[in-house]
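Here the structure is laid out as structure tokens; the discussion comes afterwards.
The values are calculated or read from the model by the stated rules, or taken from the named source; none is laboratory data. Because the structure is predicted, anything quoted here is derived from the model rather than measured. FYI the Cβ positions are ideal-geometry reconstructions off the backbone, even for glycines, and counts take in every protein chain you see.
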Amino acid sequence: MFNYNIYKTGYTKKREFPEWECPLCNKGVLKYYEPSFTVLKSVDSVLNSTNEFWSPMYDKNSFAVLLICTDSNCRHTVLCTGIIEFNDTIYKDDETDNFYTEIEEVLKPRYFNPSLNFFPIIKKIPHIIKNDILLLFNLFWHDTNSCANKIQTIINLILDKLNIPSTYSENGITYKCNLSKRLEFLKEVNNEMTELILSNYWILKDSRYNLNISRSDLFNAILHLEKIINMAISSFPDFKDELNF
Ligand SMILES: [Zn+2]
């Protein structure tokens with residue numbers, strides 16, 4: 001079962017990796033393989049560590065680790081790399097009422113190979129869309145706005161696959177449809193799906209205004225995308241590829 005919070009925040013404290021679902025078998029969960037954990041110190045961290053004012057808070061190190069599927073018939077490994085940062089948190093000692101600071105290691109995963117699945121890549125999803133979904137899953141970790149753009153691309157691919165027109169003619173001139181125009185055409189055949197795509201459009205609004213979209217919004221948009229794909233599969237018999245990959 002997915003640990004949704006780790007997807008939303010995008011970090012893990014003290015090497016407590018969540019039990020992400022294995023992307024290969026979709027049955028086992030991924031366990032952190034401690035002997036593989038490698039810290040790669042940046043040149044700046046090495047040079048600055050001799051400075052008398054140095055603190056771990058200034059370090060910008062990277063990590064690499066293997067995660068191994070617990071399913072005995074799978075045992076697949078996933079490589080996870082990312083950056084290590086440190087947060088200082090103030091705690092209160094209940095006995096003395098004094099405050100003290102603790103520096104905590106924070107791991108921010110930036111890349112998985114193979115990518116983790118946010119939802120199952122079922123066979124009925126057309127091949128051309130599957131490829132972009134896999135890219136989307138990895139972009140989530142290191143480039144949130146590109147991930148948001150990829151969602152919009154996938155929605156256009158879905159509309160292409162449903163034969164929703166991408167151009168229209170007016171006074172003898174052919175124009176390219178923007179999303180809102182394409183949704184007018186979709187509405188004529190499936191109002192519910194039109195509403196789903198529209199709500200996803202609004203979840204992603206920050207990325208269109210060059211603001212950094214939050215991981216929480218992005219995560220919700222990905223779950224929304226799964227609903228849109230499932231609706232395309234259930235409502236449009238021609239959606240899936242003739243060759244079932
Ligand atoms: Zn597995």
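A few comments on the model shown:
- Note on the range 161-185: residues that are in contact with a strand residue (DSSP E or B) (Cβ under 6 Å, 6 or more places away or on another chain) and small (Gly, Ala, Ser) amount to 0.
- Some residue of the range 45-61 being assigned to a loop (DSSP other than H, G, I, E, B), surrounded by 13 or more Cβ atoms within 10 Å (Cβ to Cβ) and within 16 Å of the ligand (Cβ to nearest atom): no
- Test: residue in the range 76-98 that is modelled with pLDDT of 90 or more, within 16 Å of the ligand (Cβ to nearest atom), in contact with a strand residue (DSSP E or B) (Cβ under 6 Å, 6 or more places away or on another chain) and not in a strand (DSSP E or B): yes
- Among the candidates 136, 159, the residue that is of a type in the set (A, V, I, L, M, F, W, C), surrounded by 16 or more Cβ atoms within 10 Å (Cβ to Cβ) and in contact (Cβ under 8 Å) with a residue 40 or more places away in the chain is uniquely 136.
- Checking 154, 173, 125 one by one, the residue that is aliphatic (A, V, I, L, M), surrounded by fewer than 13 Cβ atoms within 10 Å (Cβ to Cβ) and not assigned by TED's automatic domain parsing to the domain that holds residue 64 is 173 and no other.
- Evaluation of residue 140 against (1) touching a strand residue (DSSP E or B) at 6+ places or on another chain (Cβ under 9 Å); (2) of a type in the set (Phe, Trp, Tyr); (3) within 26 Å of residue 20 (Cβ to Cβ) (one fails), failing number: (1)
- Which listed residue, of 65, 43, 29, is more than 30 Å from residue 117 (Cβ to Cβ) and hydrophobic (A, V, I, L, M, F, W, C): 43
- With respect to the conditions (1) within 16 Å of the ligand (Cβ to nearest atom); (2) touching a residue at least 60 places away in the same chain (Cβ under 8 Å), residue 15 lacks only one, and its number is (1).
- Among the conditions (1) within 15 Å of the ligand (Cβ to nearest atom); (2) surrounded by 14 or more Cβ atoms within 10 Å (Cβ to Cβ); (3) modelled with pLDDT of 90 or more, residue 20 misses just one, which is (3).
- Filter pass, residue 129 being more than 20 Å from residue 109 (Cα to Cα) and part of a helix (DSSP H, G or I): yes
- Cβ separations smaller than 8 Å between residues 6+ apart or across chains give the following pairs from the range 44-57 residues that are of a type in the set (A, V, I, L, M, F, W, C) to residues that are exposed (fewer than 13 other Cβ atoms within 10 Å of the Cβ): 57/88; 57/103.
- Flag set for residue 105, criterion: of a type outside the set (Val, Ile, Thr), outside any loop (DSSP other than H, G, I, E, B) and more than 16 Å from the ligand (Cβ to nearest atom).
- So residue 220, is it within 30 Å of residue 81 (Cα to Cα) and either crowded, with 16+ Cβ neighbours inside 10 Å or among the small types (Gly, Ala, Ser) (or both): yes
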